[in-house]
Protein chains: 2
Amino acid sequence: MTSPDSPGTRLDPWFDSYAARAHAMRASEIRALFSVANRPEVVSLAGGMPYIGGLPLEELAEMQRRLVMEQGEVALQYGSGQGDEGLREHITQVMALEGISAHPDDVVVTTGSQQALDLVTKIFIDPGDVIVAEAPSYVGALGVFRAHEADVVHVAMDENGLVPAALETTLARLASEGRRVKFLYTVPNFHNPGGVTLALERRPQVLEICRRYGVLVLEDNPYGLLGFDSEPLPALRSMSEEGVIYLGSFSKTFAPGYRVGWAVAPHAVREKLVLASESAILCPSNASQLAIRTYLEHADWQGQIKKFREQYRERRDAMISALEEHIPEASWNVPEGGFYVWLTLPEGLDAKSMLPRAVTARVAYVPGTAFYYDGSGAGHMRLSYCYPTPERIREGVRRLAGVIEAELETVRIFGSGAQGPGDSVDFPSPDLA
Amino acid sequence: MTSPDSPGTRLDPWFDSYAARAHAMRASEIRALFSVANRPEVVSLAGGMPYIGGLPLEELAEMQRRLVMEQGEVALQYGSGQGDEGLREHITQVMALEGISAHPDDVVVTTGSQQALDLVTKIFIDPGDVIVAEAPSYVGALGVFRAHEADVVHVAMDENGLVPAALETTLARLASEGRRVKFLYTVPNFHNPGGVTLALERRPQVLEICRRYGVLVLEDNPYGLLGFDSEPLPALRSMSEEGVIYLGSFSKTFAPGYRVGWAVAPHAVREKLVLASESAILCPSNASQLAIRTYLEHADWQGQIKKFREQYRERRDAMISALEEHIPEASWNVPEGGFYVWLTLPEGLDAKSMLPRAVTARVAYVPGTAFYYDGSGAGHMRLSYCYPTPERIREGVRRLAGVIEAELETVRIFGSGAQGPGDSVDFPSPDLA
């Protein structure tokens, strides 16, 4: 059966065999651009890649050698589906820095916290169920939600994070419409892509509103320890054990190459997460888990996080001062931690349609459309300062300023080039982590 | 809403929030037993853990050190969703040993081939779709199929593997019933758990039957290079590029601790696999991938496989001679490669109900029920000879003989203890890989 809506039919002999969910899986035009954007001559302000060059590679190399020598028969073997017990013990100590009191039994180790996102969505979401999420939201989460055929309803943020009154209004409306809201997905600290942090006094309010509406909270917290000037705020999980699933990751505080993240969940949910994870991958990599356990045992990991914070603060400062100097006609927030600046373009500009010209000018960013389920947000872009050096960041912003200047000139002559909401969310990719 | 069918309601505040698929995810009684079976005093003939002690750990340790020293900024960073290009190139060379001609672009690296199984099922299976599979079948695949709410229809095997005439009859019947068959799941070489290999002359027949019925073939081949006495047979994928998705793994030929497997799929399917994998985990671990790439580049991996084959042959011989000596009243096949013996108990015995007594007698196996979607197969068990030493294998079989003896005595006095088909398939776990 061929129809105009199924352009793949003639090329793909298995086109009619796919599951319903697979038809939502398609590569976006942005992905194609990013393959160009990864060339060395392009300054990428797009990716969320941490600054691995800041790690003590020599020390890590020797740890790796000793690990295989001394524990090779464990490191190279299958492990437990829930994850290595020693690592889970260390993870509870990492989480204690944000006020979380958890037992190693509550922790499920995953292949990056992305897998935890996928598993939670898999066990909670039937097609058509609603997930409430900040506007904008992490592109990788939106991709998972779409793959599981969820409907995402965005709730406003301001400079203090998710707005409790807006959350309440949205949940009340959805309840009155008889919609089934399964969870609130939130990145409370140094939001991706918004850059803002949920204020301390709002945290119990958000939990209380969700509790009243019977909505689980999915707290995604890869950046919590990466604040520049202040101690970490208490996690939502530290205020509610039964109402929150917490996701953590070593990708931003140590290294993403091991793909080790984790979930902490109420007991019965945790059991299902383990079964779902065993079905998906049997067990997380022992080699990766023991490498991280060894690092936490023998290296000064808290000192390393402090170094990362200083490096990222320097890069944030470079980006903000370059924006002030070169693109004063745009507006942005000044993040107090994490990796991202959320920039609002001057009226009439469209970050998505502008991207090919930016890549031609050898600078890349992620258009705001990637972070909204309905593809709106074209007036915004996410700029990352985590990976390039301060000098490259300044060069990238200079190039971006030239592109914006030219766009503004075009708009002055021909009128607005802004497009309406797009029709596709981008699937997550490592470029957008 | 509480009902007698929902025993979790009172304990689990989120019981009513789960997706339909999550209700099928439950721990089996077998899992609880295996936590006991992993104690050192128990001889486990249950697991599919390879003999890691046979690896050159000192050489591997030094490779790991050099890898982090020389390529740390890549190994510890995010990578491509499809997997490292250099590793994919090496994978094509590994597959060439089984007659497969593939381009690195056709390969998708996954977190063990278990993840590839999950991704293929995710993109093809809507609830109620049919998957055809050998009787018995790999427990980890059945768990994935159940998690995606597939219906599995088993097809008979004999000593030459899947029976083409039985496949044809089954597909014809399903077609006449209007059932939607999405793929044939098959382990053609040294079958898990059956131990048999699909005969050369049957291979094109199976492909031709599937082609006629429009059924994709999912070829799962972790053991193909582990034949004891003969060269590998050509893979199904070597005979059909468009009709087969091929799954490979380094877990049995090298080490499962890295969790690196792969899929080779027709072009359009491969694109969807990459998108589904990025949604699930962003990207496979660069640390793991580069460790394996380094191993393939610098170590004598083919010589290592040869060593493994000799070690596993010795263990197979130990198991078969112990069975002949101690349990002549049972029957079994003599596998020519791989890890498993499929044993048929004397009439009247039930491997599942006998398992607690076996564990008490300090020997463990996997009851046949784990390998049938409807939980039948209680008259069989899978015995693995991959992990314990020959001496431990002989001791394990001796203990098993004692248990069987006692069961037979009970049956002689009280009649058959055999139960009907169970009602649950076991979820995969590392113990059953």
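The values are calculated or read from the model by the stated rules, or taken from the named source; none is laboratory data. Source: prediction; values computed, not measured. Backbone-built Cβ (ideal geometry, glycine too); neighbour counts: all protein chains shown. The protein model used for the area step is the full one, side chains on, heavy atoms only, and it has no ligands, DNA or RNA in it. Shrake-Rupley method; radii C 1.70, N 1.55, O 1.52, S 1.80 Å.
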Note down the nm distance, to one decimal, between modelled labels 7 Å out along Cα→Cβ at residue A:149 and at residue A:66. 5.2
If we hang a label 7 Å off Cα along the beta carbon direction at residue B:389, how far is it from the matching labels on the other copies, in nm, shortest first? 5.7
How charged is the neighbourhood of residue B:415? Take every other residue with its Cβ under 15 Å from the Cβ of residue B:415, and add Lys/Arg as +1 and Asp/Glu as -1. -3
Heavy atoms only, 1.4 Å probe, whole protein assembly: order A:391, A:324 by accessible area, highest first. A:391, A:324
What net charge is computed for the residues neighbouring residue A:405, neighbours being all others with C-beta under 13 Å from the C-beta of residue A:405, Lys and Arg scored +1, Asp and Glu -1? +1
Per-residue accessible area for residue B:126 at 1.4 Å probe radius, Å² rounded to 10? 40
Grab the other residues whose beta carbon is less than 14 angstrom from that of residue A:41, score K and R as +1, D and E as -1, and report the net. +3
Segment B:106-249 - accessible surface per residue (Å², probe 1.4 Å): 27
3J(HN,Hα) from dihedral phi, segment A:342-348, Karplus parametrisation 6.51/-1.76/1.60, rounded to Hz, x for glycine, proline: 9, 10, 9, 6, x, 2, x
Need the per-residue list for segment A:260-286: every residue with at least 20 Å² less accessible surface in the complex of protein chains than in the chain by itself, probe 1.4 Å, sorted by number. A:268, A:269, A:272, A:275, A:278, A:279, A:280, A:281, A:282, A:283, A:285
Residue A:410 to residue A:231: FRET efficiency via 1/(1 + (r/R0)^6), r the Cβ-Cβ distance, R0 56 Å, to the nearest 0.05? 0.75
Residue B:213 accessible area, 1.4 Å probe, all protein chains in place, Å² to nearest 10: 70
Which residues in segment A:300-337 place their backbone N less than 13 Å from a point set 7 Å from the Cα of residue A:391 along the Cα-to-Cβ direction? none
Sort out for me the Cα centre separation of segment B:238-268 from segment B:160-208, rounded to whole Å. 19
Expected integer from the mean partner chain Cβ neighbour count at 10 Å over A:105-113 is 2
Test of understanding: what is the full-extension gain from residue B:58 to residue B:39, defined as 0.36 nm times their sequence separation minus their Cα-Cα distance? 4.1 nm
Reported to the nearest 10 Å², residue B:122 has, with a 1.4 Å probe, an accessible area equal to 0
Would you please give the FRET efficiency between residue B:173 and residue B:398, computed as 1/(1 + (r/R0)^6) with r the Cβ-Cβ distance and R0 = 41 Å, to the nearest 0.05? 0.35
Label-to-label distance, nm, for residues given as residue B:374 and residue A:374 (7 Å Cα→Cβ offset): 5.0
Heavy-atom accessible area per residue - segment A:264-416, 1.4 Å, Å²: 36
Extension length gain for residue A:160 and residue A:360 (0.36 nm per residue less Cα distance), in nm, is 68.4 nm
At R0 = 51 Å, FRET efficiency that the Cβ-Cβ distance of residue B:96 and residue A:213 yields, to 0.05: 0.35
For the protein assembly as shown, the count of lysine pairs 8 or more apart or interchain whose alpha-carbon atoms are under 15 Å apart comes to 9
Ignoring ligands and nucleic acids, chains B and A bury, in total, an accessible area (1.4 Å probe) to the nearest 100 Å² of about 7400
Shape metrics for segment B:268-335, restricted to C-alpha atoms - Rg then Dmax, Å: 20.6, 53
